[in-house]
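Visitor: Got a structure here, written out as structure tokens. Questions coming.
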Amino acid sequence: MSFKGSPSVVGTAPWRFVPAAVPEWEPPRHPPEWLVLDRHSARPFKVNRADAEAAARCLRSLGNERLGLELAEDLAYELRCGRRTWMMLFNRDCLQAESVGRLAKHKATPVALAIRNEQTGEYSIAYLALSSPGEREGEVQLSIFRTTGRLAFGGTARVAGECASFAIHAVSRPGAFAIELAGRFEERSLVIETALSSPGIVVPKREPVPDS
């Protein structure tokens, strides 16, 4: 699975939750193995609402490279983890009235995460957060993929009315670092309760096997 695709958007649903670039995605068939964060060595990372100028600069640098998402211009959050800066951008359709409650009933692409090039200041989308209804009432499965299609993070959310409480962790894979991100989204506002990451890579990267 790759998210490089047509920038057009599927319009058959009553609202355009899933872009045409990811029309047939499925949540993982088997529960991923999550990395356990060592809280003794963990470090906090900052999550703050981006000011209008920073959000606009991010969207301008993305240009048409938005994977078919209609991204909101008036709501974005900046994440700073170590030397890296990210921008959390929201699918405009997922900010409509009663949209949070619908996450428990329909697949959606609620969030895109863009990373900033520290040399140029330009942004590019690095991850897509995809959601699907869980097995239990009000439960939502969260799967955060790289644009190459590799699952990197995930977790669950609980929806009650127009409030979604969530917890996100990293998938155990070579080169991964552990995170713990928890909070809630309600009334177009993100409230972060926990934002921690490991100081470095937890799972060593695979070393290439030398030719014999």
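Visitor: At a Förster distance of 30 Å, what's the computed FRET efficiency of residue 201 paired with residue 54, Cβ-Cβ distance as r, to 0.05?
Guide: Working: r = 28 Å, r/R0 = 0.94.
The formula returns an efficiency of 0.60 here.
Visitor: What residues have an amide H closer than 5 Å to that of residue 126, excluding those fewer than 5 places away on the same chain, when H is modeled at 1.01 Å from N in the peptide plane?
Guide: Residues meeting the amide H criterion: 113, 114, 115.
Visitor: Follow-up question, since we're still on this one. Can you tell me the alpha carbon radius of gyration of the stretch 22-174 divided by the globular rule-of-thumb value 2.2 N^0.38 Å? Could the numbers behind the result be given before it?
Guide: Working: Rg = 15.6 Å, N = 153, 2.2 N^0.38 = 14.9 Å.
Taking N as the residue count of the stretch 22-174, the ratio is 1.05.
Visitor: Of the accessible area of the stretch 35-176, with the probe set at 1.4 angstrom, what percent is carbon plus sulfur? Walk me through the intermediate numbers first.
Guide: Working: 3300 of 7170 Å².
C and S fraction of accessible area: 46 percent.
Visitor: How much solvent-accessible surface does residue 34 expose, in Å² to the nearest 10, with a 1.4 Å probe and all protein chains in place?
Guide: Number for this one is 90 Å².
Visitor: Testing the spin-label approximation: label points 7 Å from Cα along Cα→Cβ at residue 151 and residue 97. State their distance in nm.
Guide: The modelled label-to-label distance comes out at 3.7 nm.
Visitor: Quick check: residue separation of residue 193 and residue 160 times 0.36 nm, minus the Cα distance between them. What number comes out in nm?
Guide: On the way: separation 33, 0.36 × 33 = 11.88 nm, distance 1.76 nm.
Fully extending the segment from residue 193 to residue 160 adds 10.1 nm.
Visitor: Work out, step by step, the length gained on full extension between residue 186 and residue 119: first 0.36 nm times the residue separation, then minus their alpha carbon distance; give nm to one decimal.
Guide: Contour length minus Cα-Cα distance gives 20.6 nm.
Visitor: Checking the a/c ratio against 1.5 first, then a/b against b/c, what shape does the Cα gyration tensor give for the stretch 92-181?
Guide: Working: a/c = 2.38, a/b = 1.50, b/c = 1.59.
In terms of gyration-tensor shape, oblate.
The values are calculated or read from the model by the stated rules, or taken from the named source; none is laboratory data. These numbers come from a predicted model, not from an experiment. Note that we place each Cβ from the backbone using ideal geometry, even for glycine, and neighbour counts take in every protein chain shown. These accessible areas exclude ligands, DNA and RNA; they are computed on the full protein's heavy atoms, side chains included. Shrake-Rupley method; radii C 1.70, N 1.55, O 1.52, S 1.80 Å.
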